[in-house]
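**Student:** The structure that follows is given in the form of structure tokens.
The values are calculated or read from the model by the stated rules, or taken from the named source; none is laboratory data. From a predicted model like this one, the values you see are computed outputs, not experimental measurements. Virtual Cβ from ideal backbone geometry, glycine too; neighbours counted across all protein chains shown.
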Amino acid sequence: MIKNGLGALILRVTLGVLFFIHGLVKFQGGIGNTVGWFDSIGIPGVIAYVVALIELVGGVALVIGLGTRFVSALIAIIMVGAILKVKLAVGLLGNGEMAGYELDLAFLAMAIYLAINGSKLLSVSQFISQKDSKDLTKAA
């Protein structure tokens, strides 16, 4: 049991850090550039803000273990969109000018695993649920 929890913790923290960095880069590089790029590929530019916020805030939430299943499901949706809208035409390994979707596929698999199984080890959610269950026990 501890091995599964440790594996999920590693996936959660790794995915969280990587998506936090992706979101941060979108804002540091000028979110307007990302908005323009989204517009250029036929996605409404406002979606760039949504994606960047999910990546930034969701990345932090994953690292600390808050709402892991929900955040992971959102990241999985983002990855499906990135693969289908941008990377699929380039191919699995890319074409020399643009990277393929192999990394996106790995992120998608990690996110789906966490959305299905969660990750309670060293998570804020676990501490909150333990406190809530102790409070309920005391109240009864």
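**Student:** Starting from the range 112-140, keep only residues that are β-branched (Val, Ile, Thr), then list their pairs with residues that are modelled with pLDDT of 80 or more whose Cβ atoms are within a distance under 6 Å, requiring at least 6 positions of separation or different chains.
**Tutor:** Ile112/Ala76; Val124/Ile64; Val124/Gly65; Val124/Leu66
**Student:** For the range 1-45, give me each residue that is aliphatic (A, V, I, L, M), more than 19 Å from the chain's Cα centre (by Cα) and farther than 19 Å from Asn117 by Cα.
**Tutor:** If the condition is that a residue be aliphatic (A, V, I, L, M), more than 19 Å from the chain's Cα centre (by Cα) and farther than 19 Å from Asn117 by Cα, then Val35, Ile41, Ile43 are the ones that fit.
**Student:** Working only within the range 39-84, note down all residues that are surrounded by fewer than 19 Cβ atoms within 10 Å (Cβ to Cβ) and not aliphatic (A, V, I, L, M).
**Tutor:** Asp39, Ser40, Gly42, Pro44, Gly45, Tyr49, Gly67, Arg69, Phe70, Gly81
**Student:** For Tyr49, are the conditions met, namely being aromatic (Phe, Trp, Tyr) and under 30 Å from Ser125 (Cβ atoms)?
**Tutor:** Judged against the criteria, Tyr49 is a match.
**Student:** A further question on this structure: Using the structure shown, decide if Leu6 is of a type in the set (A, V, I, L, M, F, W, C), assigned to a helix (DSSP H, G or I), touching a helix residue (DSSP H, G or I) at 6+ places or on another chain (Cβ under 8 Å) and within 30 Å of Leu121 (Cβ to Cβ).
**Tutor:** Here the answer is no, as Leu6 does not meet what is asked.
Let's see how each residue does on (1) out of contact with any Gly (no Cβ under 9 Å at 6 or more places or on another chain); (2) assigned to a loop (DSSP other than H, G, I, E, B); (3) polar (S, T, N, Q); (4) closer than 17 Å to Val13 by Cβ:
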{"residue": "Phe38", "(1), (2), (3), (4)": "no, no, no, no"}
{"residue": "Gly42", "(1), (2), (3), (4)": "yes, yes, no, no"}
{"residue": "Ala52", "(1), (2), (3), (4)": "no, no, no, no"}
{"residue": "Val57", "(1), (2), (3), (4)": "no, no, no, yes"}
{"residue": "Val86", "(1), (2), (3), (4)": "yes, no, no, no"}
{"residue": "Gly94", "(1), (2), (3), (4)": "no, yes, no, no"}
{"residue": "Gly100", "(1), (2), (3), (4)": "no, yes, no, no"}
{"residue": "Ala106", "(1), (2), (3), (4)": "yes, no, no, yes"}
{"residue": "Gln126", "(1), (2), (3), (4)": "no, no, yes, yes"}
